[in-house]
Every structure is written in C-alpha cells, then in structure tokens.
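What follows is calculated from the coordinates using simple rules that are stated; it is not laboratory data. The structure displayed is predicted, hence computed values, not measured ones. Positions of Cβ are generated from backbone atoms using ideal geometry, with glycine treated the same way; all protein chains shown enter the neighbour counts.
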Amino acid sequence: MREYRILSPTGIVGYGFPEESFKLGIAQKPDLIACDAGSSDPGPYYLGSGKPFTTATAVKRDLTLMLKAACELEIPLVIGSAGGSGGDNHLKREFNIVCDIAKEYKLSFKFSTISAEFDKAFITREFNGGRITALGAAPPLTIKDIEGSSCIVAQMGIEPIIKALDEGAQVILAGRCYDPAPFAAPAVRLGYDKALAIHLGKLLECAAIAAVPGSGSDCMMGYLYDDSFSVEPLNEKRKCTTTSVAAHTLYEKSNPYLLPGPGGVLDLSACDFIQETDRRVRVKGSVYDSSGKKTVKLEGAKRIGYRTICVCGNRDPIFISQIDSILKELRVRVSQNLSGCDFKYALDFILYGLNGVMGDLEPLDRITSHELGIVIDVVADSQENANTVCSVTRSTLLHHGYEGRIATAGNLAFPYSPSDIQVGAVYKFSLYHLLETNEPERIFPRTHYEFKEGGLL
C-alpha cells in the first residue's frame, strides 16, 4: 500500500517549533511540508488593518528551516493563510521574507502566490447577483457593509493549490485558506481519497495540538494511505491517543459529525479511531459529500473607531461588594462630565475575578475572589475622544465615594504608568458570509516566480 508523508512543523508559521522535532520529521523523508500561517481567531483587527500577528523575525526563522528542507528534499512546501489574515498585504510580507531567505541561502525553486483578497466591485456584483448568503448567525449583507470594509478575503479550498502545483510550483504561499487545504491539496492531486486527506489536514493544521500533552508549537507527522491515515507527534515527550485525536477532530466545530468547508462537507459519523502504537493513532471511515452548492467563506473587516484602555485593580472588600452599583453610578457621572462633548462613545468594563472571561454567560452569580482586575475599555470616533473618555472615567472611578469607604487616597492600583493605553484603530467583522462559486481556480488568481541560486528570475 502506498504512503504519503506530510510534515506539519507548527500550528502557525511564526509560533516556532523545536528544531530537534523538525529534524526527526525530515529524517523520515516527507513528501510534503505544509503549514497554516494564519487565523481569524485573533479577531478582525489584523484583517482590517493589514497587519500581521506574528513578527517577521519569528516567521523568517520558521520559514528558513522549512524552505531549506523542502529544497534539499525536492518536495513541495505549501503555506496557507500567509501573513496571518491572508490578505494581499499579508501575502506580500511573507513573499518578501521568502525572497530574503532564498537570496541568503542561494536557493533554487519554482514559486507561486495565490491571492485570496477581493475588491469591493467584485463582491458587489456577486451580492447583486444573489450569490452571497449569511453564514450562521451573521446578519444579512448590505452594500454599506461591503463599501465600509477595508479588506475582504475568502477561504480558498484545495483547487487553487492543485492548479498552482499543476503549473509547476514547488513552493506555494496562499492567501486566506480553509485550514486543511495546504495539507490535503497535494495528496488529492496524486489521487488520494479527498475525505481522508482533508480529515488528516484538519488534524495537522494545528501541528501537535492533537497530541498529549498538546502543543501548537511542535511538529506532527501524518501518514496518508488509500484506506486510512495515521498521525504521530515527532517529540518523544508527546503521544497521540484515540481520545486526543478524536477530540481534536471536533475542534472549532459546532457539529461533531459534519464539517462543512469549501466545495463540500466532511462526514465523520462512521469514523474509527484505532490506537496503533502507544504514540500513534490510525483513522478510517471519513466520507466527503460534494453534492451541495459550492461555496467559499467570505471574511471582511471595517474600522468602527479608536480604542483607549486602562488596566487597574482593587482589593478593598467593601468596594468589591458594591462593584455593580459603583459602576452604574460611574456611568452616570462620566456622562454628566462629558455632557458638553459632541461625540459618541462606548464605555465598557471588564472585571477579572468576577466575569472577565465569560461576561454575561458566567454562571457564577457571586464574587469569590479577594481582588478585582478592572479594564476600562473605551471606543470612540477618534483617538483623542477615546483618550478623553478613558481619562475622565479613570479619574472619576479613582476617587469615587461609596458607602462604607474607609481610605480616601484612591480606589485603584495601577500596574503601568502612563495608566491610559492608546490601542489605536478598532475593527469589526463586516462580512462573515458564503459566496457561491463554481470557479475557484479563476477567483483565486496565481502568480508564478522562479528563483535560481537565490536570484529571482
């Protein structure tokens, strides 16, 4: 039975991985090195601003090891969601890093980038043509949402990556991707079962998180066969179990059996998880259903204002016991103090030690901690206005009188000076919708390059 070996070095390029684990993977002569490089998990800021959430230094370190190994083994290297959010600005940064590495080590390879960013005119045409629908609880899309977006991307599936490989690419930097796509595409191109390849990609995209103990910054090896696949971490301190692999299969999914993605749905209702060795798990039974409409997920972000925060704390049990009424009174006082200011703002408080993590979903209805961490969170139409509201709120809360107060020196402890921190622009997701398309190779354009001894031809 044939075997296709896939090395997943890390959960996201720039998160790092032990070089010892990577070398053990390379020693197994993998057929593919693939890695996810982004996510929407850090929120809309990075998509909207065009900035990465990993540093160029960290990305270059990871990519250097991967790129040198791919060139030495003469195997494909496929990176998905390049640069973080997978827009063109993110893709350009990663492209420049690859160029630097190729030049520094005098590498030779054929190289392709795949864009996942769309202009507003295209999205508007598709919207007017009735080919965009809301995903889950997302509200219906409007023209205003499209026009207000600073960046719109779509999650490509395996097809554009397969096309780039067909066109001769060895190294591929893809914009926003369906997470399993970089791992699955080269294998599907060689005739491996699509369901097994995508399911394996689902596990490998987070590297060793599916192991025990799990880690998103350590290496995992996947072994794909015609009737099954296996996964095994490369660090001897970790192991895969049927529970850890099955659990990670459910990661980020609302339905434990049906995993929708671009082009179809992965059906895992008949899967078997088999403990092959004490560190390795085999999986069988994955099924792929491509009978429905072909869609890709759109992600867009728009700027809604500017943020200023203040981090502070309180350890007075009298203050803490009255925190709800204190904050209610505080909102009134701040509104009164800013009554002459002609701008809108949003004022929020995050209370760590009460419900800072879960917010209104927190099931505990009483405070059990001896101290509260307080984040004053202000969003306004300009940075200066956000600064103003935060300053007034912080100073008012600092000296706010309450029943039973003993000390009058101040209610808050500040870990930082200055106490008020300008966060900058604030973004929200403006698109979280599905685009119907039967032409994924066309809407995700590819650009081809070639390096010869480090020089770009």
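Can you work out ³J(HN,Hα) from phi for every residue in the stretch 316-322, in order, using Karplus 6.51 cos²θ - 1.76 cosθ + 1.60 and θ = phi - 60°, giving whole Hz and x for Gly and Pro?
Values, residue by residue: 8, x, 5, 4, 4, 5, 10 Hz.
Rounded to the nearest 500, what is the 222 nm mean residue ellipticity of the chain from helices alone, with -39500 (n - 2.57) per DSSP H run of 4+ residues and division by all residues?
Working: 14 runs with 141 residues, N = 457.
About -9000 deg cm²/dmol.
What longest range of the chain stays clear of loop-exposed GluC sites (Glu not before Pro) (DSSP non-H/G/I/E/B, at most 12 other C-beta within 10 angstrom)? Each step should come with its number before you reach the end.
Numbers: sites that count: E3, E74, E167, E236, E252, E403, E453.
That gives 253-402 as the longest site-free run.
For the stretch 251-329, count the residues as N, evaluate 2.2 N^0.38 Å, and divide the Cα radius of gyration by that value, please. Intermediate results must be reported in sequence, preceding the final value.
Working: Rg = 24.8 Å, N = 79, 2.2 N^0.38 = 11.6 Å.
Scaled against compact globular proteins, the figure is 2.14.
If we sort 182-189, 224-231 on the protection proxy, mean other Cβ atoms within 10 Å, highest first, what's the order?
Numbers: 182-189: 26.8, 224-231: 19.6.
Highest mean packing first, the order is 182-189, 224-231.
Can you tell me the length gained on complete extension of the stretch D119 to R131, counting 0.36 nm per residue apart and subtracting the Cα distance?
Details: separation 12, 0.36 × 12 = 4.32 nm, distance 1.58 nm.
Full extension from D119 to R131 adds 2.7 nm.
For T396, T10, what ranking results if the residue with the fewest other Cβ atoms within 10 Å of its Cβ goes first? Intermediate results must be reported in sequence, preceding the final value.
Details: T396 16, T10 27.
Going from sparsest to densest Cβ surroundings: T396, T10.
May I ask you to list the trypsin sites (Lys or Arg not before Pro) in the stretch 57-123 that are in a DSSP loop and have at most 15 other Cβ atoms within 10 Å of their Cβ? Intermediate results must be reported in sequence, preceding the final value.
Values: sites: K60, R61, K68, K92, R93, K103, K106, K110, K120; in loops: K106.
Here the sparse-neighbourhood loop sites are K106.
Binning at 10 Å from 0, report for the chain what percent of all alpha-carbon pair distances ends up in each bin.
Whole-percent P(r) values from 0 Å outward: 4, 18, 25, 22, 17, 10, 3, 0.
Which value results when the Cα radius of gyration for the stretch 68-197 is divided by 2.2 N^0.38 Å? If you can, show how the numbers build up before the last one.
Numbers: Rg = 17.0 Å, N = 130, 2.2 N^0.38 = 14.0 Å.
Rg over 2.2 N^0.38 Å, computed on Cα atoms: 1.21.
Among T447, T308, what is the fewest-to-most ranking by other Cβ atoms within 10 Å? Working shown, then result.
On the way: T447 13, T308 26.
Listing T447, T308 from fewest to most nearby Cβ atoms yields T447, T308.
List the relative contact order of the chain as a percent without decimals, with contacts defined as Cα pairs under 8 Å and 6+ residues apart. Could you put the intermediate results ahead of the total?
Details: 1044 pairs, mean separation 92.6, N = 457.
RCO, the chain: 20 percent.
Using Cα centres only, tell me the gap between the stretch 367-412 and the stretch 49-121 in whole Å.
Value for the Cα centre distance between the two parts: 44 Å.
State log₁₀ I(q)/I(0) for the stretch 303-430 at q = 0.12, 0.15 Å⁻¹ as given by the Debye formula over alpha-carbon point scatterers of equal weight, solvent excluded.
Each listed q corresponds, in turn, to -0.47, -0.73.
Express in nm, to one decimal, how much length is gained between S417 and V287 on full extension, taking 0.36 nm for each residue of separation and deducting their alpha carbon distance. Mind showing how you got there, number by number?
Details: separation 130, 0.36 × 130 = 46.80 nm, distance 5.67 nm.
Working it through step by step, the gained length comes to 41.1 nm.
Given labels modelled 7 Å from the Cα in the Cβ direction, how far is it in nm from D166 to D324?
Simple spin-label model gives 6.2 nm for this pair.
Would you mind checking the pairs K120/K297; K68/K284; K194/K297 and listing those with alpha carbons more than 24 angstrom apart? Don't jump to the answer; show the numbers that get you there.
Numbers: K120/K297 16 Å; K68/K284 33 Å; K194/K297 20 Å.
Table pairs above 24 Å Cα-Cα are K68/K284.
If neighbour count is taken as other Cβ atoms inside 10 Å, put V423, V245 in order from fewest to most.
In order of increasing Cβ crowding within 10 Å: V423, V245.
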